[in-house]
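The values are calculated or read from the model by the stated rules, or taken from the named source; none is laboratory data. Given the structure is predicted, the values throughout are model-derived calculations rather than measurements. FYI the Cβ positions are ideal-geometry reconstructions off the backbone, even for glycines, and counts take in every protein chain you see.
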Amino acid sequence: MTAYHAAWAWLGGDDLVAHVTIVEEGGAIIEVTTEGPTPHDAVRLEGVVLPGLVNAHSHAFHRALRHRTHGDGGDFWRWRETMLRVAGRLDPDNLAELATAVFAGMALTGITTVAEFHYVHHDVDGDLYRDPNAMGHALVDAAHQAGIRIVLVDTCYLRGGFDAPLEGVPRRFGDGDAERWAERVDLLRRFYREDPMVRIGTAAHSVRTVPPEALQTVVGYAASNGMPFHIHLSEQTAENEAALAATGRSPTQLLHEAGGLGPGTAVVHATHLEPADVARLGHAGVNVVACPTTEADLGDGLGPFIELATAGATLAVGTDQQVSMDLFAEARGIEHHDRLRLRRRGVHSPAALAAAATVGGARAVGTMQRGIAVGAPCDLAVVDPGAPTLAGWSPSDGIAGIVFGGSAYAVTDVVVAGRRIVEAGAHHRFDDVVARIDRAVRAVLA
Ligand SMILES: [Zn+2]
């Protein structure tokens, strides 16, 4: 049992609360008090304590692309060619090195759970590794090393496009059909059944790459096993146009017809939607994972986030292609995208944006985290109010300062399952996270 004393904590709403004692036992919060004496042996967290940040959409290996795609111009599809070249260089060993470094880097930024959207399953010829989940295990091991929770979102990816087979590097992504995908995922579920730090999730890469019958199989598999289901949705207008040309339907309609809309579903990006799509997604209570720095970097466009939230969707955020590894930037990016699109300010409340990076993300990835509350996992991130970007603000001013002035670099301490994995800005296991990322990126690109 450990008691933590937070100088300030965010317990929901727009205000921060002073002097909060959080007691954990066995990795879960068993008591939260805001009055009375602090236990004499409490561990003092001298900052603003937030629920651990949840990164609801990540491709760890995309970190190797940062700094390397800007001079080539073009659009998303041009970027994708470079991404596929990097995907073609991965193996279980270099992926483990890279993901360990990247996840340790995420831990330093306050991320306590990562949903890794994983589709590079097989070897460069598309053949199974001796262990068909060798790449998935590499990612889980990386999260273990880094000390954070992982939701391994195992992704079904079956074709190159509406009328195109898998060719070249994407052959690595394919299991042949949805039944074989499910058999492989069964092995993962059994393997990690007893591991409280691991959850196996499901995904279809997109309606472009998974045909309707297979989409139905994936959705059904997720539902019957109580697993989260994720999908990239309408990130590009070209996807909408191709869906319309091939099927006469929007991607959202296709997902709806496959039975894929519900509170256990997370749609990633949801950028180019018709009003009918927005209504349908909201009515179903889906989760929407916004990745604003990636969407800006790739020139995707501006998604209708406030419309989705108003219609009933829950917002979450992800670092996606790791162009930035800062969920504070992603959370305010939701607001900034809507401001740019609607040309007005104050679209979302600061509390709603903070929720997107914490409890909203937890809902999207299907974990039990629901803030600093009794019964929730004891996952915490501590922000230093003395950080340079917060100068002039004090915690009594409320959560808005953290949302609009906070930064990954302001995080000092991180607790996962009751254990401190980052203390005073240092990772408990690795003292060389930056050098590790550097080495691992170079190893993949060599
Ligand atoms: Zn993605």
The correct count of residues that are within 16 Å of the ligand (Cβ to nearest atom), among the hydrophobic types (A, V, I, L, M, F, W, C) and crowded, with 21+ Cβ neighbours inside 10 Å in region 285-322 is 7
How many residues does region 263-284 contain that are within 16 Å of the ligand (Cβ to nearest atom) and outside any loop (DSSP other than H, G, I, E, B)? 5
Among the listed residues A426, A417, A391, A410, which satisfies the condition of being in contact with a strand residue (DSSP E or B) (Cβ under 7 Å, 6 or more places away or on another chain) and over 15 Å from A329 (Cα atoms)? A417
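Listed here are the residues, each with its yes/no results for (1) part of a loop (DSSP other than H, G, I, E, B); (2) surrounded by 16 or more Cβ atoms within 10 Å (Cβ to Cβ); (3) of a type in the set (F, W, Y); (4) not assigned by TED's automatic domain parsing to the domain that holds S234.
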{"position": "M106", "(1), (2), (3), (4)": "no, yes, no, no"}
{"position": "D175", "(1), (2), (3), (4)": "yes, yes, no, no"}
{"position": "R193", "(1), (2), (3), (4)": "yes, no, no, no"}
{"position": "I200", "(1), (2), (3), (4)": "no, yes, no, no"}
From R85, R63, which residue is crowded, with 23+ Cβ neighbours inside 10 Å and among the charged types (D, E, K, R)? R63
Mind checking which pairs have a first residue in region 412-437 that is surrounded by 13 or more Cβ atoms within 10 Å (Cβ to Cβ) and a second that is polar (S, T, N, Q), Cβ under 6 Å, 6 or more apart or different chains? V416/T112; G418/T2; G425/T412
Filtering region 231-262 down to residues that are within 16 Å of the ligand (Cβ to nearest atom) and either out of contact with any helix residue (DSSP H, G or I) (no Cβ under 8 Å at 6 or more places or on another chain) or part of a strand (DSSP E or B) (or both) yields I231, H232, L233
Pairs where the first residue, in region 312-334, is modelled with pLDDT of 95 or more and the second is among the charged types (D, E, K, R) and away from the ligand (no atom under 15 Å from the Cβ), C-beta under 8 Å, 6+ apart: T314/R363; A316/R363; T319/D326
For region 295-350, give me each residue that is of a type outside the set (D, E, K, R) and either at positive phi or not assigned by TED's automatic domain parsing to the domain that holds F76 (or both). G299, G301, G312, Q322, G346
